[in-house]
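Written below as structure tokens is the structure these notes are about.
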Amino acid sequence: MIRLDNVSKIYGMNNTQVTALKNINLNIFEGDYVSISGTSGSGKSTLMNIIGCLDSPTAGNYFFEGVPINTIGQSELSTIRNKYIGFVFQSFFLIPGLTALENVILPLFYGGKGKKECIKKAREVLELMDLGDRIHHDSTELSGGQKQRTSIARALVTNPKILLADEPTGNLDSKNTREIMGLFKDLNKKGMTVVLITHDERYANMANKRYKIEDGILQEA
């Protein structure tokens with residue numbers, strides 16, 4: 001599904017250059033559960049941004065489902081992100097003033113789906129997240145765990161091929177953390193490809209493929 005060949009990422013120019021990633025080689029297959037762990041500043045979020053088509057490498061090649069990502073334009077990248085990739089972030093990124101249902105509907109709306117279809121699908125995934133009784137609550141009225149479940153529902157509503165989670169439990173207590181990590185495991189058992197970016201070795205070890213990144217260098221754990 002995903003192949004990175006000697007991918008590097010350099011920020012800045014001339015004497016102010018910072019190398020965030022160094023010659024990364026990585027293969028992710030459909031149905032994998034992959035964890036990438038590292039400390040702050042190690043390059044793990046930069047790597048996730050490249051895998052998620054939010055950023056492009058300075059050198060090397062990235063192929064998503066055989067498509068050479070380096071060679072396509074922003075419009076095509078946007079289509080790939082919306083259609084094939086679900087994102088879950090530490091800070092949830094729910095929109096205040098919108099209900100849980102309205103937040104989850106947004107990716108479908110941007111994808112051009114009809115209103116009835118959007119509502120039906122959004123309700124289904126929210127119920128899957130055990131949020132059926134919270135769908136009309138404003139996102140600001142949800143607990144931390146409910147906010148993250150809503151963000152996961154939003155990531156899943158387009159039936160993506162891969163779920164990218166960047167420190168998804170960083171703002172949660174231990175109980176909600178265990179529940180969210182259990183949810184990722186269950187999704188993977190059902191066939192979802194999951195890539196987890198984390199600094200916590202306990203949760204990195206739940207994956208069936210484990211990598212560590214340090215100073216921009218990726219190695220198998």
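The values are calculated or read from the model by the stated rules, or taken from the named source; none is laboratory data. Everything numeric in this text was worked out from a predicted model, so none of it was measured. Here the Cβ is made from the backbone with ideal geometry for all residues, glycine too, and neighbour counts use every protein chain on show. Quick note on the areas: whole protein, heavy atoms, side chains included, nothing else; ligands and nucleic acids left out. Shrake-Rupley method; radii C 1.70, N 1.55, O 1.52, S 1.80 Å.
Values computed for the structure shown
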read-out: Scope the stretch 41-50; condition surrounded by 15 or more Cβ atoms within 10 Å (Cβ to Cβ) and out of contact with any Phe, Trp or Tyr (no Cβ under 8 Å at 6 or more places or on another chain); matching residues; value: Ser42, Gly43, Lys44, Ser45, Thr46, Leu47, Met48, Asn49
read-out: Sole residue being open to solvent by less than 50 Å² (accessible area, probe 1.4 Å) and at negative phi, chosen from Ile95, Ile72, Ile10; value: Ile72
read-out: Qualifying residue in the stretch 123-130 (condition: part of a helix (DSSP H, G or I), open to solvent by 60 Å² or more (accessible area, probe 1.4 Å) and aliphatic (A, V, I, L, M)); value: yes
read-out: Within the stretch 13-57, considering residues that are under 26 Å from Lys190 (Cβ atoms) and of a type in the set (A, V, I, L, M), the one farthest from the chain's Cα centre (by Cα); value: Leu26
read-out: Neighbours by Cβ (under 9 Å, 6+ apart or cross-chain): first from the stretch 154-167, under 17 Å from Lys121 (Cβ atoms) and without any contact (Cβ under 8 Å) to a residue 12 or more places away in the chain; second open to solvent by 10 Å² or more (accessible area, probe 1.4 Å) and basic (Lys, Arg); value: Asn159/Lys83; Asn159/Lys121
read-out: Strands (runs of 3 or more DSSP E) wholly inside the stretch 1-95 containing at least 1 residues that are free of Cβ contacts under 8 Å to residues at least 12 places away in the same chain and farther than 15 Å from Val195 by Cα; value: 2-11, 18-28
read-out: Filtered residues of the stretch 96-122 (kept if part of a helix (DSSP H, G or I) and under 25 Å from Asn171 (Cα atoms)); value: Ala100, Leu101, Glu102, Asn103, Val104, Ile105, Leu106, Pro107, Ala122
read-out: Any strands (runs of 3 or more DSSP E) falling wholly within the stretch 147-221 and containing at least 3 residues that are open to solvent by 20 Å² or more (accessible area, probe 1.4 Å); value: 209-214, 217-220
